[in-house]
Amino acid sequence: MRSTTQKIIIDTDPGQDDGVAILLALASPELEVIGITTVAGNVPLALTSRNARMVCELAKRSDIKVFAGCDRPLKKPLVTAENVHGKTGLDGIDLPEPTMPLQAQHSVDFIIETFRNAPEKTITLCTLGPMTNIAQALMKAPDIATRIQKIISMGGGFFEGGNITPSAEFNMFVDPDAAKVVFDAGIEIIVVPLDVTHKALTSATWIKELRALNTLVGEAVASWTDFFERYDKEKYGSAGAPLHDPCVIGYLVAPHLFTGKQINVEIETTSELTMGATVADWWKVTDRPKNAYFLNTIDRDGFFDLLTERLSSYSA
Ligand code: RIB
Ligand code: CA
């Protein structure tokens, strides 16, 4: 485990797996969540902004500042995933509507202001959805690129291909133009692709452990998992569903559970057939710059043990 506290901003499109990632981050003393920025993705912006606050209140953290961001990709029309996450984006359990307010400031302006005011390279950006907010911030304020400590993103896939098209993962597919802006910005970036998250499969045993916590948090995560598992089990025929976004937080807290390689990653933004593909030069067949640390293995049991341990810290 790391020794110093890492300041992070979580950019997210909740989504049940985003919700679990936020709960994990808020239960990890190694991390200080200085803000949550929402983006359109799994469901439209109004719902991702509602859902992010519901998760904060589930964690009894209504002190967390939640900022609404971009309601559509840079260029492409918005594509959402209610077929996976349900019509609210957080289906599986009924939680109270949020009472904590959204911040008045737009996500993009919060991101710009935060990085301009903080000492250089002291804050990490965690992206759990389409990268629209980050790209808009970089285009509006290119000076912040050198001030961001690193970006860690759930997205893409190489050996695993795609999950919304044969070659593209959802977050990258929804806004490939934003992803290209971010990957071309010269910022240290760690990619948590399907190559990792498809190995982070939930299990009936794990869901039972969650329910045995006898807390609302445990029940919520178990119910969310039951809900989104139905889609992945049918699609992949796997016993269990990939817990995508929590792997981002897992890496920040326990990087020893993962392995990867520094390689070149380019984003397809023109071909309709492969739009949003992360073209990962895993075998170094080009001289393109090695702009990303691309993860490809996870200690699955170690990760779920960490997740259960941290989620058990919630008293209700
Ligand atoms: O492809 C999986 C990713 O898309 C996850 O972040 C999930 O929440 C959706 O946003
Ligand atoms: Ca997400």
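For the range 231-276, which residues satisfy the criterion of being more than 15 Å from ligand 1 (Cβ to nearest atom), touching a residue at least 12 places away in the same chain (Cβ under 8 Å) and β-branched (Val, Ile, Thr)? Residues satisfying the conditions are 253, 259, 263, 265, 269, 274.
Scanning the range 82-102 for residues that are in contact (Cβ under 8 Å) with a residue 60 or more places away in the chain and of a type outside the set (D, E, K, R) returns 83, 84, 85, 86, 89, 90, 92, 93, 95.
Scoring residue 90 on the criteria (1) out of contact with any helix residue (DSSP H, G or I) (no Cβ under 9 Å at 6 or more places or on another chain); (2) within 16 Å of ligand 1 (Cβ to nearest atom) leaves a single failure, condition (1).
Screening 215, 197 for residues that are within 19 Å of residue 301 (Cα to Cα) and either hydroxyl-bearing (Ser, Thr, Tyr) or away from ligand 2 (no atom under 16 Å from the Cβ) (or both) leaves exactly one candidate, 197. The numbered conditions (1) farther than 23 Å from residue 253 by Cβ; (2) in contact with a helix residue (DSSP H, G or I) (Cβ under 9 Å, 6 or more places away or on another chain); (3) without any contact (Cβ under 8 Å) to a residue 60 or more places away in the chain are all true for residue 47 except (2). Could you please let me know if residue 87 is modelled with pLDDT of 95 or more, of a type outside the set (A, V, I, L, M, F, W, C), within 22 Å of residue 144 (Cβ to Cβ) and surrounded by fewer than 17 Cβ atoms within 10 Å (Cβ to Cβ)? Against the criterion (modelled with pLDDT of 95 or more, of a type outside the set (A, V, I, L, M, F, W, C), within 22 Å of residue 144 (Cβ to Cβ) and surrounded by fewer than 17 Cβ atoms within 10 Å (Cβ to Cβ)), residue 87 does not qualify.
On the basis of being under 17 Å from residue 126 (Cβ atoms) and of a type in the set (Ser, Thr, Tyr), does residue 48 make the cut? Yes; evaluated as a whole, the condition is true for this residue. The single condition from (1) at pLDDT 95 or above; (2) more than 15 Å from ligand 1 (Cβ to nearest atom); (3) in contact with a strand residue (DSSP E or B) (Cβ under 9 Å, 6 or more places away or on another chain) that residue 60 fails is (3). Listed conditions (1) touching a residue at least 12 places away in the same chain (Cβ under 8 Å); (2) more than 24 Å from residue 269 (Cβ to Cβ) are all met by residue 212, apart from (1).
The values are calculated or read from the model by the stated rules, or taken from the named source; none is laboratory data. Given the structure is predicted, the values throughout are model-derived calculations rather than measurements. Cβ atoms come from the backbone with ideal geometry, glycine included; neighbour counts cover every protein chain shown.
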